[in-house]
Number of protein chains: 2
Amino acid sequence: MTQPLRLGIAGLGTVGTGVIKIVRQKANLLAARTGRPIEISAVSARNRDKDRGVPISGYAWEDDPVALATRDDVDVFVELMGGSDGPAKAATEAAIAAGKDVVTANKAMLAVHGQALAEAAEKAGHVIRFEAAVAGGIPVVKALTEGLAGNEITRVMGVMNGTCNYILTRMEDAGLPYEKVFAEADALGYLEADPNLDVGGIDAGHKLSLLAAIAFGTQVDFDAVELEGIQKLSIDDIRTAASLGYRIKLLGVAQMTGRGLEQRMSPCLVPADSPIGQLQGGTNMVVLEGDSVGQIVMRGAGAGEGPTASAVMSDIIEIARGTRLTTFGQPAAGLEKARPARATAPAPYYLRMILNDRPGAMAKIATVLGEAGISIDRMRQTRHDSASAPVVIVTHKTSRDALDAALAAFGGTGVVLGEPVAIRIERV
Amino acid sequence: MTQPLRLGIAGLGTVGTGVIKIVRQKANLLAARTGRPIEISAVSARNRDKDRGVPISGYAWEDDPVALATRDDVDVFVELMGGSDGPAKAATEAAIAAGKDVVTANKAMLAVHGQALAEAAEKAGHVIRFEAAVAGGIPVVKALTEGLAGNEITRVMGVMNGTCNYILTRMEDAGLPYEKVFAEADALGYLEADPNLDVGGIDAGHKLSLLAAIAFGTQVDFDAVELEGIQKLSIDDIRTAASLGYRIKLLGVAQMTGRGLEQRMSPCLVPADSPIGQLQGGTNMVVLEGDSVGQIVMRGAGAGEGPTASAVMSDIIEIARGTRLTTFGQPAAGLEKARPARATAPAPYYLRMILNDRPGAMAKIATVLGEAGISIDRMRQTRHDSASAPVVIVTHKTSRDALDAALAAFGGTGVVLGEPVAIRIERV
């Protein structure tokens, strides 16, 4: 196998540029590690003339990624355009139909169309690899698909959106409100074109659904992910959580339960001194739990040119070495859709609300909780000058149903002002 | 590829038993993930009649592992006996000669004979996989060989001997001296038959040399690892380090420098609040640094039935899926021996010594350090009742040569009682 592996790269943003740099600068290392040269035949992007700091004039140019994906001199179509539909999907489908392998960093496309694309690719005898789609440079797709393949996976967790983690870390460190830090992140170019993909938890939810498919041998089912973003988190919650020994993280959890597959991506309180609690800025962390291996924790950069290009390269190298894996770790045609289970596993909760400060207010709240079967671990009312009293309650383990019942009943007490905040406390 | 993959397992201790359990209990999962059944044809061990909690009467028995390794009904020889030479090596060589693939957990054998075995296997078109040989359940061989294969690796670090980490953690937590905790670990069965393999740093050094070979594309060279065990560490050092904000860990570091390949396994001070500093008990941690990916940290159980069997299974699954990788990530025949470099990269050091408590003693020490070009970051003499004064010094960055010169010169001052302790402080 000494003939070169020929790439067609669509999308020359940060990651695409990073991949070109590695292929150019590390030709000898890559050939030594794969036993064959890795070459770029052609590239495609929206703007041909942009200066990317790396010469592309030696590669054939295609305006149309579909044309690129189907070129005779391309063995592997490297899709780095992004977007769940549109050109990325059209070109990927065309590549598969034309008999190419596909390497992609596109979590949105795979979360929505992964099952159909995998079936098409596997039927045609071709592979789709997507290490760069989840947690940037952390080789977690490989760890889960291969390293832990002898395990029944019991749980997958992760902080997988660096932008959200940056915003939450910065809010705490600088004591700034969400809106202010969001504007900063925007100015720094940290946000997706549609910021809701980041702060709404969608991007991280895409990643979680891909890991869940591999972990539990089920069809990727992004629609079943319970999503909650970080937009409603206040600096008060972050400060209060800190004073209780917690940090708030946008945490993804996927686990197979007796009731079905639970997938959720939502803000959670985690112990401030836990590995996830200590995660700063754009760093990602993924926790994999298997029945034999116990807990494996992986940490690394979740985004950026180098880390993401590193992950893309690992897929290209895998194909160059002749390794042929199914997309999700077993034949896609045999995967079934899991019954989605609402995340009802009992957990302690953090509650924050403003009470109308009059005699008996606290008793009414305590009564509602007691009637819902929720017992209180810690409760504190902070000093206040106005007629409204901020109250924080940490409950013992309770079901989400009981909690929802209590939240609904608070309204009837006449003493709760505004909407109470309820955040799950996760054991990590 | 639907014919079964047939295993011959030599060595039925904890790990071998764990592998048999997984193959028996997860037949369907394994078949789904590999596309073919995984079966055990034959087993071999020292004692046929021992109750292992798992039935082995359905498998052919061989007293001689060489006979097992060469059976016609064995596709993969699974070597779980251990030991760098003797039956493990003989059977592995026989397996390769007989056209089998090899999966092994044997770090000692590969650290000493890995280059020759890899060349023989690759010449014959067969593979040797060894995920379980390094850091137990952590899929670090895969991460380094495949996940980070697009990187020039700049540094590999790790705490990879759970027994040593248990001893050090326990000394600090219980305030017990080394000898006492060593005896405890022995009673708990945590130590190798030759305990020096653990506490002398040899086992961890074996693992480091294997990672270094993959990382830097050089022949595995265990003899070049600078080894220092934990036997001389005193509870005083552990306490003093803690009071300065550090913990002592048996830390392996491999990096390619301008002077050659540096490989060392030795006790180091690391910040107590760093991920490595926080590592408790038998847990392992490996840090991989690459020019594109930055830093990847992996944590998990470094030993035990489940985690180690999980790693063995990942190699078996890899072979069942048809993946064919070279032993060390590139063809063994092309690997060259690296020039070994003494670990002379400057670092701060922790020094502890007992001074004869008389006027001018401290001045003499400070003069020696100054003349060696070593500047002092922190220095403290603790209260004492006798005529001997315990002194602790934290230096600024200095070379090992300068430090050795100072250590040698202390003897001539006439004020240093006994042997000073010097431990490197590592940035992690």
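Phi angles of region A:214-230 translate, via the Karplus equation with coefficients 6.51, -1.76, 1.60 and θ = phi - 60°, into HN-Hα couplings of 5, 4, 10, x, 10, 5, 4, 9, 5, 4, 8, 6, 6, 10, 9, x, 9 Hz per residue; Gly and Pro are given as x. Label-to-label distance for A:T2 and B:R52 is 4.4 nm, based on points extended 7 Å past Cα in the beta-carbon direction.
What is the angle, in °, between the Cα long axis of helix B:14-25 and the longest principal axis of the Cα atoms in chain B? Nearest 10 is fine, range 0 to 90. That helix lies at roughly 40 degrees to the long axis. Accessible-area loss of 40 Å² or more (1.4 Å probe, protein heavy atoms, chain alone versus all protein chains) is found in region B:309-336 for B:S310, B:R321, B:T323, B:Q330. If a spin label sat at a point 7 angstrom from the Cα of A:S388 along the line to its beta carbon, the backbone N atoms of region A:341-360 nearer than 16 Å would be those of A:352-358. Helix B:400-413 axis versus longest C-alpha principal axis of chain B: approximately 40°, rounded to the nearest ten. Heavy-atom accessible surface of A:D63, to the nearest 10 Å², is about 120 Å², with a 1.4 Å probe and all protein chains retained.
When the accessible area of region B:152-288 is split by element with a 1.4 Å probe, what percent falls to carbon and sulfur?
Numbers: 2210 of 4560 Å².
Accessible surface attributable to carbon and sulfur in region B:152-288 totals 48 percent.
The charge dipole of region B:140-302, taken about its Cα centre with unit charges on the Cβ atoms of Lys, Arg (+1), Asp and Glu (-1) only, comes to about 320 debye. Enter the Cα centre distance for the pair region B:64-129 and region A:246-291, rounded to the nearest angstrom. Between the Cα centres of region B:64-129 and region A:246-291 lies a distance of 41 Å. Dipole of chain B computed with +1 at Lys/Arg Cβ and -1 at Asp/Glu Cβ about the Cα centre; of B:V220, B:V293, B:I167, farthest Cα towards the positive end is B:V293. What's the percent breakdown of Cα-Cα distances in the protein assembly as shown across 10 Å bins, shortest bin first? Over the protein assembly as shown, the share of Cα pairs per 10 Å bin runs 2, 12, 20, 23, 20, 14, 7, 2, 0 percent.
Taking θ as phi - 60° and the Karplus parameters 6.51, -1.76 and 1.60, the scalar couplings of region B:371-387 work out to 5, 7, x, 9, 9, 9, 8, 9, 8, 8, 10, 8, 4, 8, 9, 8, 8 Hz in sequence order, x denoting glycine and proline. Per the accessible-area calculation with a 1.4 Å probe, the total area buried between chain B and chain A rounds to 3800 Å².
Under 19 Å of direct C-alpha separation, and excluding same-chain neighbours fewer than eight residues apart, A:K180 reaches these aspartates and glutamates: A:E172, A:E192, A:D194, A:D198, A:D236, A:D237. Database remark: amide H of B:Y246 closer than 5 angstrom to the amide H of B:A272 (H placed geometrically; neighbours at sequence offset of 5 or more, or on other chains; Pro and chain starts carry no H). In this structure, the amide hydrogen of B:T154, modeled 1.01 Å from its nitrogen in the peptide plane, lies closer than 5 angstrom to those of B:E289, B:G290, B:D291, counting only residues at least 5 positions away or on a different chain.
Over 23 Å between Cα atoms: which of A:K232/A:K364; A:K337/B:K26; A:K107/A:K232; B:K26/B:K123; B:K50/B:K207 fall into that group? Mind dumping the intermediate values first?
Values: A:K232/A:K364 26 Å; A:K337/B:K26 21 Å; A:K107/A:K232 25 Å; B:K26/B:K123 34 Å; B:K50/B:K207 30 Å.
Long pairs (Cα-Cα over 23 Å): A:K232/A:K364; A:K107/A:K232; B:K26/B:K123; B:K50/B:K207.
Under 5 Å between amide hydrogens, built in the peptide plane, is the criterion, and for A:L5 it picks out A:I38, A:E39 among residues at least 5 positions away or on other chains. Along region A:131-139 the Karplus relation, 6.51 cos²θ - 1.76 cosθ + 1.60 evaluated at θ = phi - 60°, assigns HN-Hα couplings of 3, 6, 6, 10, 6, x, x, 6, x Hz to successive residues, with x for each Gly and Pro. Near A:I167: Cβ cut-off under 9 Å, other residues only, Lys/Arg at +1 and Asp/Glu at -1. The net charge is -1. The accessible area of B:V428, taken with all protein chains in place and a 1.4 Å probe, comes to roughly 50 Å².
Neighbouring Cβ atoms from other chains, within 10 Å of the Cβ of residues in B:147-158, number 6 on average.
The distance from the alpha carbon centre of region A:317-396 to that of region A:207-221 is 22 Å, rounded to a whole number.
Solvent-accessible surface, computed for protein heavy atoms with a probe of 1.4 Å, shrinks by 50 Å² or more for the following residues of region B:276-300 when the other protein chains are added to the isolated chain: B:S292, B:V293, B:I296, B:V297, B:R299.
For every other residue with a beta carbon closer than 12 angstrom to the beta carbon of A:E39, add +1 if it is Lys or Arg and -1 if Asp or Glu, then tell me the sum.
Details: positive: A:R6, A:R24, A:R36; negative: A:D73, A:D75.
Result for the local shell: +1.
Using a probe of 1.4 angstrom and keeping all protein chains present, the accessible surface of chain B works out to 37 square angstrom per residue. Counting only protein chain heavy atoms and rolling a 1.4 Å probe, the accessible areas of B:E262, B:E93 rank, largest first, as B:E93, B:E262.
The values are calculated or read from the model by the stated rules, or taken from the named source; none is laboratory data. None of these values were measured; they are calculated from a predicted model. Every residue, glycine as well, gets a Cβ built from its backbone with ideal geometry; the counts of neighbours run over all protein chains shown. With ligands, DNA and RNA removed, areas are computed over all heavy atoms of the protein, side chains included. Shrake-Rupley method; radii C 1.70, N 1.55, O 1.52, S 1.80 Å.
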